[in-house]
Amino acid sequence: VQLVESGGGLVQAGGSLRLSCAASGLTFSGYTMGWFRQAPGEEREFVAAIIRSGTTYVADSVKGRFTISRDNAKNTMYLQMNSLKPEDTAVYYCAAGPFNGLYTVSTKYTYWGQGTQVTVSS
């Protein structure tokens, strides 16, 4: 199983980025997919999750600014991030879990990508 994130980078506050997570080696449509992030010196933090049907759950800290989506035909998940703030700066990880629920706990997820850096300047 391989999860590969892309789309990170440096952006000014108020800007947008779109992260992608390409999955291989698993039956993508059967997995709950999630985004987590980790800032230096901080715990890994839940950002958003999406189940196979497309139902989503987004953390309060990013609600109204971030949108999670998936394309089961392309085995790819996305995170559209708008109105970015400096506090959104972190390494963003995608994760896959063999269940059909909107879990926010990282230990529930089985597979992880290598992460992509998002830096928001003020």
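The values are calculated or read from the model by the stated rules, or taken from the named source; none is laboratory data. On a predicted model such as this, the values are computed, not experimentally measured, just so you know. A quick note on method: Cβ atoms are made from the backbone with ideal geometry, for glycine too, and the neighbour counts reach across all protein chains shown. With ligands, DNA and RNA removed, areas are computed over all heavy atoms of the protein, side chains included. Shrake-Rupley method; radii C 1.70, N 1.55, O 1.52, S 1.80 Å.
Given R0 = 22 Å, the distance between the Cβ atoms of Ala22 and Thr107 translates into a calculated FRET efficiency of 0.40.
Beyond 23 Å, the tail of the calculated P(r) for the chain holds 21 percent of the Cα pairs. Computed with a 1.4 Å probe over protein heavy atoms only, the accessible surface of the range 1-111 comes to 48 Å² per residue.
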